[in-house]
Amino acid sequence: MSQRQNKPEILHTEIVAKSRLFQIEQVHLKFSNGVERQYERMKASSRGAVMIVPVHQGQLLLAREYAAGTEQYELGFPKGLIDPGEQAIEAANRELQEEIGFAANKLTLLKELSLAPGYFASKMQIFLAEDLYESCLEGDEPEPIVVVPWALADWQALLDNRDFSESRSVSALFLAQQFLAQQPLAPKDPHIK
């Protein structure tokens with residue numbers, strides 16, 4: 001069992017770089033042992049984000065879209081920012097409709113994740129979407145997102161796909177599999193042999 005440490009004292013913060021999307025903040029800290037350090041971090045956004053693992057008719061529904069960071073098309077789960085005044089669950093259902101043309105009757109929060117907490121304060125909530133039905137909303141993507149169905153039973157092979165490499169999507173896949181494995185099996189229809 002680890003002992004809880006006192007958090008360092010924030011002596012000073014200032015914005016040292018800014019773009020249309022990001023602000024980099026320099027933070028001057030003093031630790032409980034007297035050591036002082038300066039760190040840089042992305043200034044936190046109060047909006048938060050969601051990622052959704054959609055399951056429909058025994059398949060995962062993945063989104064193939066261009067990622068400017070890697071300069072290639074990536075395969076992953078629908079995701080996006082939470083709009084002002086919107087709850088995370090509402091954002092999850094909206095993003096599903098904007099990115100893959102489905103909405104969900106059942107959304108289950110699996111976990112809230114952080115991304116590189118040494119540099120980012122932002123959090124992403126991971127949802128499992130089930131009982132899907134067709135419903136489209138216009139999104140802000142520059143081109144239509146290609147929806148790639150993947151057999152849920154073949155989820156481990158997805159890990160070998162070179163286009164499925166985003167750490168948040170990989171984490172979401174494991175969280176969804178863990179959750180689904182704990183669910184009771186649906187009763188078998190006695191009329192089906």
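Every number here is computed from the coordinates shown, using simple stated rules; none is lab data. Quick caveat, the model's predicted, so the values are computed rather than measured. When we count neighbours, we look across all protein chains shown, and the Cβ atoms used for this are built from the backbone with ideal geometry, even at glycine.
At-a-glance table
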{"quantity": "Karplus (6.51, -1.76, 1.60) ³J(HN,Hα), θ = phi - 60°, over segment 108-113, in Hz, Gly and Pro reported as x", "calculated": "10, 6, 8, 5, 9, 10"}
{"quantity": "Paramagnetic reach from Lys106 in segment 126-165 [backbone N under 17 Å; point 7 Å along Cα→Cβ]", "calculated": "127-134, 152-153"}
{"quantity": "Selection from Gln72, Trp150, Ser165 lying farthest towards where the dipole of the chain points positive, charges on Cβ", "calculated": "Ser165"}
{"quantity": "Violating pairs (Cα-Cα greater than 21 angstrom) within the set Lys18/Lys79; Lys7/Lys79; Lys79/Lys123; Lys30/Lys111", "calculated": "Lys18/Lys79; Lys7/Lys79; Lys30/Lys111"}
{"quantity": "Rel. contact order, % - alpha carbon contacts under 8 angstrom, at least six apart, segment 38-193", "calculated": "29 percent"}
{"quantity": "P(r) of segment 114-175 over all Cα-Cα pairs, binned every 5 Å from zero, in whole percent", "calculated": "3, 11, 17, 22, 21, 19, 7, 1"}
{"quantity": "Compactness index (Cα Rg / 2.2 N^0.38 Å), segment 7-114", "calculated": "1.44"}
{"quantity": "Packing-based ranking, highest mean first, of 116-123, 98-105 given that Cβ atoms within 10 Å are counted", "calculated": "98-105, 116-123"}
{"quantity": "Interchain or long-range residues, amide H under 5 Å from His56's placed H", "calculated": "Leu61"}
{"quantity": "Cα-based Rg and Dmax for the chain, where Dmax is the largest Cα-Cα distance (Å)", "calculated": "20.1, 73"}
{"quantity": "Protection proxy ranking of 151-161, 134-144 - average other beta-carbon atoms within 10 Å, highest first", "calculated": "151-161, 134-144"}
{"quantity": "Per-peptide average of other Cβ atoms within 10 Å, ordering 87-97, 170-180, 7-17 highest first", "calculated": "87-97, 170-180, 7-17"}
{"quantity": "Summed residue charge, Cβ within 13 Å of His28's Cβ, Lys/Arg positive, Asp/Glu negative", "calculated": "-2"}
{"quantity": "The chain, dipole about Cα centre (Lys/Arg Cβ +1, Asp/Glu Cβ -1), debye to the nearest 20", "calculated": "920 debye"}
{"quantity": "Computed helical MRE - 222 nm, the chain, DSSP H runs ≥ 4 contributing -39500 (n - 2.57), nearest 500", "calculated": "-5000 deg cm²/dmol"}
{"quantity": "Stretchable slack from Ala181 to His28, in nm (0.36 nm times residue separation minus alpha-carbon distance)", "calculated": "50.5 nm"}
{"quantity": "Least to most buried among His28, His56 (fewest other Cβ within 10 Å first)", "calculated": "His28, His56"}
{"quantity": "Long-range HN-HN contacts of Lys43 with modeled amide H, under 5 Å", "calculated": "Gln23, Ile24, Glu25"}
{"quantity": "Glu65 long-range amide H proximity, modeled H, under 5 Å", "calculated": "Glu74, Gly76"}
{"quantity": "Footprinting exposure proxy for Val146, Val55 (fewest neighbouring C-beta atoms within 10 Å first)", "calculated": "Val146, Val55"}
{"quantity": "Gaussian network model of the chain, springs between alpha carbon atoms under 10 Å - residue of Met42, Met124, Met51 with greatest fluctuation", "calculated": "Met42"}
{"quantity": "FRET efficiency estimate (nearest 0.05) - Cβ-Cβ, Phe120 to Glu36, R0 25 angstrom", "calculated": "0.65"}
